[in-house]
Amino acid sequence: MKILLYLLVALAILWFVRRIMNKFKVPKIGSMVLFSGGVKCGKTSLALATAFSEYRARCRKVKRINFFRKIFKKPLLEMPLLYSNIPLSVPYVPVTEDLLLRKKRFAYNCVVYIGEASLVADSMMCKDMELNERLLLFNKLIGHETKGGCLVYDSQCVGDVHFSIKRC
């Protein structure tokens, strides 16, 4: 009898939590996402929370896959990395010019966070044609190059960022 009562209480709590969670919206993330908004409105917090949750989910998935690959003696997959152009409180790899210009490759299935995208590639950089082409290829091919990676931008104004970001 007690077991039945505990089961009913657990089901009631699960139903209640599920009903509450349906009221929150979770953004769908593709290979590239841009958060924009005004000063002090929470765009950096949302972008970092999205990047961290994507990174943790990707790490868990690769660890699960590597567990079985280790059992069947297959080569292990590369662990995803978190790249950022600003200092973070978690382990990360700094984004360099070589990575942005595709001279070096990102880790597979990684998450790249670029805070204040207009400081990295602004709208006035359109004079250099080689740079334009490299940034355009970087933004268009980030999902293919990283084999499923994710690029998270945040900026105060979409008009201030480079046209390669606006196009994608």
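The values are calculated or read from the model by the stated rules, or taken from the named source; none is laboratory data. Because the structure is predicted, anything quoted here is derived from the model rather than measured. Glycine also receives a Cβ, built like all others from the backbone with ideal geometry; neighbour counts cover every protein chain displayed. The area values use the complete protein model at the heavy-atom level, side chains included, leaving out ligands, DNA and RNA. Shrake-Rupley method; radii C 1.70, N 1.55, O 1.52, S 1.80 Å.
Does Tyr6 satisfy the condition of being over 23 Å from Leu137 (Cα atoms), free of Cβ contacts under 8 Å to residues at least 24 places away in the same chain, open to solvent by 50 Å² or more (accessible area, probe 1.4 Å) and touching a strand residue (DSSP E or B) at 6+ places or on another chain (Cβ under 7 Å)?
no
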Open item on the list: Tally up the residues in the stretch 100-109 that are at pLDDT 90 or above and touching a Lys or Arg at 6+ places or on another chain (Cβ under 8 Å), please.
Closed with: 2
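Each row is one residue, and each column tells you yes or no for (1) in contact (Cβ under 8 Å) with a residue 12 or more places away in the chain; (2) under 25 Å from Ala49 (Cβ atoms).
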residue: Arg64; (1), (2): no, yes
residue: Ile71; (1), (2): no, no
residue: Pro80; (1), (2): yes, yes
residue: Ser89; (1), (2): no, yes
residue: Tyr113; (1), (2): yes, yes
residue: Ala117; (1), (2): yes, yes
residue: Leu136; (1), (2): yes, no
Task: Given (1) part of a loop (DSSP other than H, G, I, E, B); (2) touching a Gly at 6+ places or on another chain (Cβ under 9 Å), index of the condition Cys126 fails - done: (2)
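Taking the criterion of being within 20 Å of Gly148 (Cα to Cα) and touching a residue at least 60 places away in the same chain (Cβ under 8 Å), would at least one residue in the stretch 40-49 satisfy it?
First pass over the stretch 40-49, keeping only residues within 20 Å of Gly148 (Cα to Cα): 47-49.
With touching a residue at least 60 places away in the same chain (Cβ under 8 Å) added as a condition, the list becomes 47-48.
Yes - at least one qualifying residue is present in the stretch 40-49.
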Task: Selection count where residues are surrounded by fewer than 16 Cβ atoms within 10 Å (Cβ to Cβ) and under 14 Å from Phe35 (Cβ atoms), scope the stretch 137-168 - done: 2
Task: Odd one out for Arg134, checked against (1) under 30 Å from Leu76 (Cβ atoms); (2) part of a helix (DSSP H, G or I); (3) open to solvent by 40 Å² or more (accessible area, probe 1.4 Å) - done: (1)
TODO: Sort out for me the strands (runs of 3 or more DSSP E) sitting completely within the stretch 30-123 that have 1 or more residues that are polar (S, T, N, Q) and either on the phi > 0 side of the Ramachandran plot or crowded, with 17+ Cβ neighbours inside 10 Å (or both).
DONE: 32-36, 82-84
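Tally time: how many residues in the stretch 40-82 are touching a Phe, Trp or Tyr at 6+ places or on another chain (Cβ under 7 Å) and over 17 Å from Ser155 (Cβ atoms)?
From the stretch 40-82, those touching a Phe, Trp or Tyr at 6+ places or on another chain (Cβ under 7 Å) are 43, 46-48, 51, 78, 80, 82; that's our starting set.
Pick out the ones that are also over 17 Å from Ser155 (Cβ atoms) and you get 78, 80, 82.
Final tally of qualifying residues: 3.
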